[in-house]
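The values are calculated or read from the model by the stated rules, or taken from the named source; none is laboratory data. No experiment lies behind these values; they were computed from the predicted model shown. Here the Cβ positions follow ideal geometry from the backbone for every residue, glycine too, while neighbour counts run over all protein chains shown.
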Amino acid sequence: MRYYAAVATTRWGTLLPGNHTISGMGTYYAIIQLREKRARLAGEIAKAERALAATKKDLANLDAVIRLFEPETNPKLIPAIRPTSRRSLFFKHGEQMRLACDVLREAAKPMRCRTVAEGVMLRKGLPV
């Protein structure tokens, strides 16, 4: 015996024509969620493409200003600098691992992770 589901109409259009058995309803809801996820990702891509276009426009304007001051310079030969991100507000690169190793070296017995973390925070002068 077949059971029929209602046709779902969402902001993305009509989803599945409603001719599903009870066991197929999971597929129906999965399709709805997959379409929503796809729509969100497409929106993120569109936003990133707009940001990229704006950045390219800024770069072209900057190249034009460089050519005003140095007409013989080719700005495209200036190497790009990879952007860096700050990994931690409290520790420099590698500092946290070094402090954790120092705490473990000075320990007389095995330590729990929380105790090691507290030791690192005390050495750094952070509130525990």
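Data for the structure
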{"quantity": "Residue match in the stretch 69-90 (condition: of a type in the set (D, E) and either surrounded by 12 or more Cβ atoms within 10 Å (Cβ to Cβ) or in a helix (DSSP H, G or I) (or both))", "calculated": "no"}
{"quantity": "Meets criteria (more than 19 Å from the chain's Cα centre (by Cα) and either modelled with pLDDT of 95 or more or loosely packed, with under 10 Cβ neighbours inside 10 Å (or both)) for I45", "calculated": "no"}
{"quantity": "Among (1) more than 24 Å from the chain's Cα centre (by Cα); (2) aromatic (F, W, Y); (3) within 30 Å of V120 (Cα to Cα), the one test that F69 misses", "calculated": "(3)"}
{"quantity": "Qualifying position, being in the same structural domain as V120 (by TED's automatic domain parsing) and more than 21 Å from the chain's Cα centre (by Cα), among A64, A60, A108, A30", "calculated": "A108"}
{"quantity": "Restricting the stretch 103-125 to residues that are of a type in the set (G, A, S) and under 21 Å from H93 (Cα atoms), the residue that is modelled with the lowest pLDDT", "calculated": "G125"}
